[in-house]
Amino acid sequence: MDYAPAPDMIVLTQDGYEGDRLRLKPPNPSYRIPDGGGTTAFAPPEWEALNPTPPMSGIHRAGSYGSLIFMHARKTPEKRELLAVVTWPHYSGSYGLRVTLVELDRNDPGKRREVTTFAVPRGVLLAAADPQPGLGVVQQLQFFAGQPDSKDESAWTIGYTVAADRNAKPLPGLIQMKLTGEPELAKHDWPMRHQGKVPMQISVQRPNGTVWTN
């Protein structure tokens, strides 16, 4: 609930050279290859405890959630405390960022209710138009650890960069997310991906200077 890495920490990169550096120089077993491809992602112990998927031959199978971008306790307008989690799914990277809200039972960590939704399409984050999301334009995304807003207990931000190709200069962007209502948590009390309504306000300051909102 209080997980808070440094804001300049890279938690996911699609740059193969940067990924090699993070995993190998010096060796850091918490950086994994989640999809068997060119992506490198950070899997801290806190995330392993919530989303147990043991590594196999250096490849981290990211399970139904994906790789972790942000995780911290946040509150709804009704002051309900939930664990807000933002992930990058790997079974279809063209989808973009997923938001999952989890109501944890502090007496039984294995018992919880949650709801998940896709929140930001991949194409929104890119430096140029992507007519076939995930396929039409090869652009390398890199995410920094999301940060809770110290002045708003319902909000958080995620910094990122995107390079139009492997030789291009990465350009910065910023994602702002805020809970604006009560989510539709699953009725059952065990971890399972449950699609439902997650009232949120989302703003993306894109690298080209434009702003996308949901």
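Name the one entry in 122, 106 that is open to solvent by 10 Å² or more (accessible area, probe 1.4 Å) and modelled with pLDDT of 85 or more.
Values: 106 fails: modelled with pLDDT of 85 or more.
Going through 122, 106 in turn, just one is open to solvent by 10 Å² or more (accessible area, probe 1.4 Å) and modelled with pLDDT of 85 or more: 122.
Out of segment 159-193, which residues are surrounded by fewer than 18 Cβ atoms within 10 Å (Cβ to Cβ), modelled with pLDDT under 85 and over 27 Å from residue 141 (Cα atoms)?
187, 188, 189, 190, 192
Report yes if some residue within segment 45-68 is assigned to a strand (DSSP E or B), within 17 Å of residue 18 (Cβ to Cβ), of a type in the set (A, V, I, L, M, F, W, C) and at pLDDT 65 or above; otherwise report no. Show your work before the answer.
Going residue by residue through segment 45-68, those that are assigned to a strand (DSSP E or B) are 56, 59, 67-68.
Still in the list and also within 17 Å of residue 18 (Cβ to Cβ): 67.
With of a type in the set (A, V, I, L, M, F, W, C) added as a condition, the list becomes none.
Within segment 45-68, none of the residues are assigned to a strand (DSSP E or B), within 17 Å of residue 18 (Cβ to Cβ), of a type in the set (A, V, I, L, M, F, W, C) and at pLDDT 65 or above.
The values are calculated or read from the model by the stated rules, or taken from the named source; none is laboratory data. If you're wondering where the values come from, they're calculated on a predicted model, not measured in any experiment. Neighbour counts are summed over all protein chains in view; Cβ atoms, including those assigned to glycine, are modelled from backbone coordinates with ideal geometry. Only protein heavy atoms, including side chains, enter the accessible area calculation; ligands, DNA and RNA are left aside. Shrake-Rupley method; radii C 1.70, N 1.55, O 1.52, S 1.80 Å.
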